[in-house]
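What follows is one structure encoded as structure tokens, with my remarks underneath.
The values are calculated or read from the model by the stated rules, or taken from the named source; none is laboratory data. Only a predicted model underlies this, so the values are computations on that prediction, with no experimental measurement involved. No Cβ is skipped: glycine too gets one built from the backbone with ideal geometry, and neighbour counts run over all protein chains shown. Ligands, DNA and RNA are stripped out before the accessible areas are found, and what is left, the full protein with its side chains, is counted by its heavy atoms. Shrake-Rupley method; radii C 1.70, N 1.55, O 1.52, S 1.80 Å.
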Amino acid sequence: YLKISEGCNHSCTFCIIPSMRGKLVSRPIGDVLAEAHALFKGGVKELLVISQDTSAYGVDVKYRMGFWDGKPVKTRMLELVQTLGDIAQEYGAWVRLHYVYPYPSVDEIIPLMATGKVLPYLDVPLQHSHPEVLKRMKRPASGEKNMERIARWREMCPDIVIRSTFIAGFPGETEEEFQHLLDFMKEAKIDRAGCFAYSPVEGATANDLPGMQPIEVREERRARFMQVAEAISAAKLQSRIGATMQVLVDSAPGQGKKGGVGRSYADAPEIDGVVKLLPPEKISKTLKVGEFTKARIVGTQGHDLVAVPV
């Protein structure tokens, strides 16, 4: 991975802004694709697409035409992902999408996941489900539309994994609005979810909103949310037992014959779980860091899967 700018806190290959706040500034699509190609050619097996709002790529430049490999390419999320997927397939690598807001245009990306061009994984910062809370947050989507969109995504690509983050105890949030969030989680069954108790941020307009909850209430709601989220995640992991998955090996002590640790398409580095790899079934098989292996899922441990390389 390559850190694009000092303002970005992530090691990534694509940022459309100089920092994770402020106005969107889209990088030229030719530069992004050239950088991705160089990374894949150099042996990178997983590319993380990260920005403040990946789905808005190109809006600021009115989707102007750029060039890659001598061909015109529109500065837009769909064309970016299509081309990244083409390059990744050439090198047998993964492309993973982060910070994708649930705009209607994102529906165009899902068929690329269903056909394996990019990983069927979306990091969608939903923040909440109740329309009034989202309005106070100045978020661009309503909870009802989000539910419909998630259902449609899963129809198009049943294997899709959705990660999201939420805020509990946002100023003015009522118990009814919070319960709406819990009900949303139970229905949407978000695969990977994190939750933060709201805390004031210097300069944020939310600090001036009425109805700030005591910290005890905010933390209690966060804990209740995580109970629901962890139950959903545990059930999702259990359903994978018996399946054979492709795993990217991150560590392999003992020259790869004693097992190791890796990740499936459902696991983004550092924020999701891992796949704990037991010693391979075949004596001749060894695990190599940075390479893929097939593994049969035999159990779970907390947020992680346990698998045997086959």
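Scanning the stretch 53-79 for residues that are touching a residue at least 12 places away in the same chain (Cβ under 8 Å) and in contact with a Gly (Cβ under 8 Å, 6 or more places away or on another chain) yields G66, F67, W68, V73, K74, T75, R76, M77. One residue alone among A234, A206, A193 is closer than 22 Å to G273 by Cβ, in contact (Cβ under 8 Å) with a residue 40 or more places away in the chain and part of a helix (DSSP H, G or I), and that residue is A234. Examine the stretch 61-76 for a residue that is in contact with a helix residue (DSSP H, G or I) (Cβ under 8 Å, 6 or more places away or on another chain), farther than 24 Å from S264 by Cα and aromatic (F, W, Y), and state whether such a residue exists. Within the stretch 61-76 (the criterion being in contact with a helix residue (DSSP H, G or I) (Cβ under 8 Å, 6 or more places away or on another chain), farther than 24 Å from S264 by Cα and aromatic (F, W, Y)), the answer is yes, since at least one residue qualifies.
Can you tell me which residue within the stretch 253-270, out of those that are over 20 Å from H303 (Cα atoms) and assigned to a loop (DSSP other than H, G, I, E, B), is least open to solvent (accessible area, probe 1.4 Å)? Result: P253. Output the residue which, of all residues in the stretch 176-190 that are part of a helix (DSSP H, G or I) and open to solvent by 80 Å² or more (accessible area, probe 1.4 Å), is farthest from L305 (Cα to Cα). Selected residue: E176.
When the stretch 114-137 is filtered for residues that are surrounded by 18 or more Cβ atoms within 10 Å (Cβ to Cβ), under 18 Å from T165 (Cα atoms) and free of Cβ contacts under 8 Å to residues at least 40 places away in the same chain, only L134 remains. Quick check on V217: is it within 25 Å of G169 (Cα to Cα), open to solvent by less than 30 Å² (accessible area, probe 1.4 Å), among the hydrophobic types (A, V, I, L, M, F, W, C) and modelled with pLDDT of 95 or more? In short, no. Going by the structure shown, is E148 more than 25 Å from E79 (Cβ to Cβ), of a type in the set (D, E, K, R) and either open to solvent by 40 Å² or more (accessible area, probe 1.4 Å) or touching a Ser or Thr at 6+ places or on another chain (Cβ under 6 Å) (or both)? Judged against the criteria, E148 is a match.
Of all residues in the stretch 23-35, those that are under 17 Å from Q52 (Cβ atoms) have Cβ atoms under 6 Å from Cβ atoms of residues that are open to solvent by 60 Å² or more (accessible area, probe 1.4 Å), 6 or more apart or on another chain, in L24/D60; S26/D60. Considering (1) part of a helix (DSSP H, G or I); (2) in contact with a Phe, Trp or Tyr (Cβ under 9 Å, 6 or more places away or on another chain); (3) surrounded by fewer than 15 Cβ atoms within 10 Å (Cβ to Cβ), the lone condition that E155 does not fulfil carries the number (2). Scan the stretch 118-130 and give yes if some residue there is farther than 21 Å from H98 by Cβ, part of a loop (DSSP other than H, G, I, E, B) and either of a type in the set (A, V, I, L, M, F, W, C) or touching a Lys or Arg at 6+ places or on another chain (Cβ under 9 Å) (or both), otherwise no. No: zero hits. Kindly indicate whether any position in the stretch 278-286 is of a type outside the set (V, I, T) and within 22 Å of L47 (Cα to Cα). No - not one qualifying residue is present in the stretch 278-286. Here is a list: V228, V298, V306. Which entry is part of a strand (DSSP E or B) and open to solvent by less than 30 Å² (accessible area, probe 1.4 Å)? Among V228, V298, V306, only V306 is part of a strand (DSSP E or B) and open to solvent by less than 30 Å² (accessible area, probe 1.4 Å). Within the set G273, G211, the sole residue that is open to solvent by less than 50 Å² (accessible area, probe 1.4 Å) and at positive phi turns out to be G211.
Scanning the stretch 57-108 for residues that are more than 30 Å from V289 (Cα to Cα), of a type in the set (D, E) and out of contact with any strand residue (DSSP E or B) (no Cβ under 8 Å at 6 or more places or on another chain) yields a count of 4.
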